[in-house]
Ligand SMILES: Cc1ncc(COP(=O)(O)O)c(C=O)c1O
């Protein structure tokens, strides 16, 4: 009988994170100082990040040991299972094998805790008292609140205003785990106040919430900032997903033909798929697909350019696919995918043609989610459902391929979105070219 679920013993939780910077076919364009436009120096980041994470951000080492304290906490839910979606395969009448790596089994319900724990650990070790951060859908904020709870740190979360009201139960999670949560833009920061003055009704955006959280850290000595995606060290911590997946596939004698994950800032995509980069470079037939919403199509319609990571231009300039740092997305339900940019590593690989990208509108995504939920039972997060939709479309080719996707989180707090889809109330939205062209006129002049 074919094995439907592959579990690893806890002794096989990876002992090191994999740093893809060591294997990139060409070096990554350097991040630049937002004020001077010069390549960023480690000390430039010191006001907002602890030194250990700054070193990881720039490290050329292929393997970085996972501290024993972090590995011990990974045991709460890791290793995560790799599951064969046999009932979905049957419903699709496909000759393809579909597997998913289930990252939704963490206490906070997504992959985000893999890096939240690591970041809280290094901050605690360097004497930080409080962490500030932003959250879109609330997945990152809740993971960070739990990680701070475990390490005895205070946690302040700026939650994108539209999600703050759309997703009250994620807010409850953050409160349960001891975090304080503010709808962003808020009047607690100069960047928030400036945006509120210009548009009191703004729904907020990740770019704005990042500005508030960075400002909070930069203006308080006992506080540092944490980011749940985009940065190299976040993708590094998320590599546990791909490393475990590789081992699980190996145990059942499978070799993947197609790897798929959704992309917001790029952390679950990077962590899941990039440990396979050496295989991809040796075998160009291995396809790696990044999936994003048509309402926020950074990879499929953005430009590859230096841009600010946040609206108030406090974060470093990085070269990425961007829709412009002034981008304010429509209130689509995949809140975690509404970021104007992409991880520089992911953007670089897309630009080199190593990875592919694809965009879907939200009704198509929810149709995929329903088909998955009605066959496999698990109810995916709207973000995750982008990967599912693409996996279904790949499986429909019926070409006997081995398709593996990352199940980045569950959708138990996203019932209002499911209800809206079932009632036919979800609107599809394609981000218009004119808006992209306008936003790109605000790109910084670099070089
Ligand atoms: C379940 C889930 N998947 C994916 C994402 C997208 O983030 P990233 O691209 O960093 O993985 C989020 C972001 O909040 C999320 O909550």
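In a solvent-free Debye calculation with one equal scatterer on each Cα, what is log10 I(q)/I(0) for the range 316-387 at q = 0.14, 0.17, 0.27 Å⁻¹, listed in the order of the q values?
-0.56, -0.77, -1.19
Could you check which residue among 174, 144, 58 shows the biggest mean-square fluctuation in a GNM of the chain with a 10 Å Cα cutoff?
Comparing 174, 144, 58 in a Gaussian network model of the chain, the most mobile one is 58.
Length gain on complete extension for the stretch residue 149 to residue 180, per 0.36 nm per residue less the alpha carbon to alpha carbon distance?
10.0 nm
Starting from the Cα coordinates of the range 1-139, work out the convex hull volume and express it per residue in Å³.
192 Å³
Normalised by the residues of the range 186-281, what does the relative contact order come to in percent, with Cα pairs under 8 Å and at least six apart?
Details: 82 pairs, mean separation 22.3, N = 96.
In percent, rounded to a whole number, it is 23.
Among 88, 352, 277, which one shows the highest mean-square fluctuation when the chain is modelled as a Gaussian network with alpha-carbon springs under 10 Å?
352
I need the per residue convex hull volume for the range 87-127, using only the alpha carbons, in cubic angstrom as a whole number.
Here the figure is 70 Å³ per residue.
Once the cut-off is 15 Å, how many percent of the Cα-Cα pairs in the range 296-357 end up in the long-distance tail?
47 percent
If you line up the Cα atoms of the range 321-362 on their principal axes, what length do they span on each, largest first, in Å?
Here the Cα extents, ordered largest to smallest, are 31, 22, 13 Å.
At 7 Å along Cα-to-Cβ for each site, give me the label-to-label distance between residue 58 and residue 422 in nm.
Label-label distance for residue 58 and residue 422, simple model: 5.3 nm.
Once you have the alpha carbon radius of gyration of the range 157-241, what is it after dividing by 2.2 N^0.38 Å, with N set to its residue count?
For the range 157-241, the normalised Cα radius of gyration is 1.17.
Starting from the Cα gyration tensor of the range 103-191, take the square roots of the eigenvalues, sort them a ≥ b ≥ c, and report rounded, prolate or oblate (rounded when a/c is under 1.5, otherwise prolate if a/b is larger than b/c, else oblate).
Judged from the Cα gyration tensor, the range 103-191 comes out oblate (a/c at least 1.5, b/c at or above a/b).
Remind me, what semi-axes does the range 144-195 give for its equivalent ellipsoid, largest first in whole Å, using sqrt of 5 times each Cα gyration tensor eigenvalue?
They are 21, 14, 6 Å, listed from largest to smallest.
Along the three principal axes, how long is the range 307-446 when you take its alpha carbons, biggest first, rounded to the nearest angstrom?
Over the range 307-446, Cα extents along the principal axes are 50, 35, 25 Å.
Quick check on packing: order 159-165, 132-138, 236-242, 219-225 by the mean number of other C-beta atoms within 10 Å, highest mean leading.
Those peptides, ordered most packed to least, come out 132-138, 236-242, 159-165, 219-225.
Once label points are set 7 Å from the Cα along Cα→Cβ at both residue 303 and residue 282, what is their separation, rounded to one decimal in nm?
4.0 nm
Report relative contact order for the range 2-86 in percent, whole number only (criteria: Cα-Cα under 8 Å, sequence separation at least 6).
Averaging sequence separation for qualifying contacts and normalising by length gives 56 percent for the range 2-86.
Can you tell me the length gained on complete extension of the stretch residue 445 to residue 202, counting 0.36 nm per residue apart and subtracting the Cα distance? Numbers along the way, then the final one.
Numbers: separation 243, 0.36 × 243 = 87.48 nm, distance 2.72 nm.
This chain segment gains 84.8 nm when fully extended.
Taking 0.36 nm per intervening residue step and subtracting the Cα-Cα distance, what contour gain separates residue 126 from residue 222 on full extension? Present the calculation step by step, with values, prior to reporting the outcome.
Details: separation 96, 0.36 × 96 = 34.56 nm, distance 1.05 nm.
Additional length available on full extension: 33.5 nm.
With an 8 Å Cα cut-off and a minimum separation of 6 or more residues, compute the relative contact order for the chain in percent.
Result for the chain is 19 percent.
How would the range 247-384 be classified by its alpha-carbon gyration tensor: rounded, prolate or oblate, with rounded meaning a/c under 1.5 and the a/b versus b/c comparison settling the rest?
Taking the square roots of the gyration eigenvalues as a ≥ b ≥ c, the range 247-384 is oblate.
Based on DSSP H runs of at least 4 residues, each adding -39500 (n - 2.57), what is the mean residue ellipticity at 222 nm of the chain after dividing by all its residues, to the nearest 500 deg cm²/dmol?
One gets -11500 deg cm²/dmol as the mean residue ellipticity at 222 nm.
Assign one of three labels to the range 212-308, namely rounded, prolate or oblate, based on the Cα gyration tensor with a ≥ b ≥ c the square roots of its eigenvalues; rounded applies when a/c is under 1.5, prolate when it is not and a/b is larger than b/c, and oblate otherwise.
Because a/c hits 1.5 or more and a/b fails to exceed b/c, the range 212-308 counts as oblate.
Which three lengths, in whole Å and largest first, does the chain cover when its Cα atoms are put on their principal axes?
60, 48, 46
Taking Cα atoms, how many degrees apart are the long axis of helix 139-151 and the longest axis of the chain, rounded to 10 and kept between 0 and 90?
It works out to around 80 degrees.
Tilt of helix 362-376 relative to the longest C-alpha principal axis of the chain, in degrees (0 to 90, nearest 10)?
Value to nearest ten degrees: 50.
Taking every eigenvalue of the Cα gyration tensor of the range 190-232, multiplying by 5 and rooting it, what semi-axes result, largest first, whole Å?
21, 15, 6
Looking at the range 1-57 from every direction and averaging, what is the projected area of its Cα convex hull in nm²?
7.6 nm²
Which angle from 0 to 90°, rounded to the nearest 10, does the C-alpha axis of helix 113-125 make with the longest principal axis of the chain?
Orientation of helix 113-125: about 40 degrees from the principal axis.
Calculate the length of the line joining the C-alpha centroid of the range 43-75 to that of the range 101-137, in whole Å.
First find each Cα centre; the distance between them is then 13 Å.
Highest GNM mean-square fluctuation, the chain, Cα pairs closer than 10 Å: which of 399, 23, 307?
399
For 393, 187, which order do you get if you count the other beta carbons within 10 Å of each Cβ and list the fewest first?
The fewest-first ordering by Cβ neighbours comes to 187, 393.
Bear in mind that the values in this text are calculations on the coordinates, not laboratory data. None of the values given here were measured: they were computed from a predicted structure. Ideal geometry is used to build each Cβ from the backbone, glycine not excepted, and the neighbour counts take in all protein chains shown.
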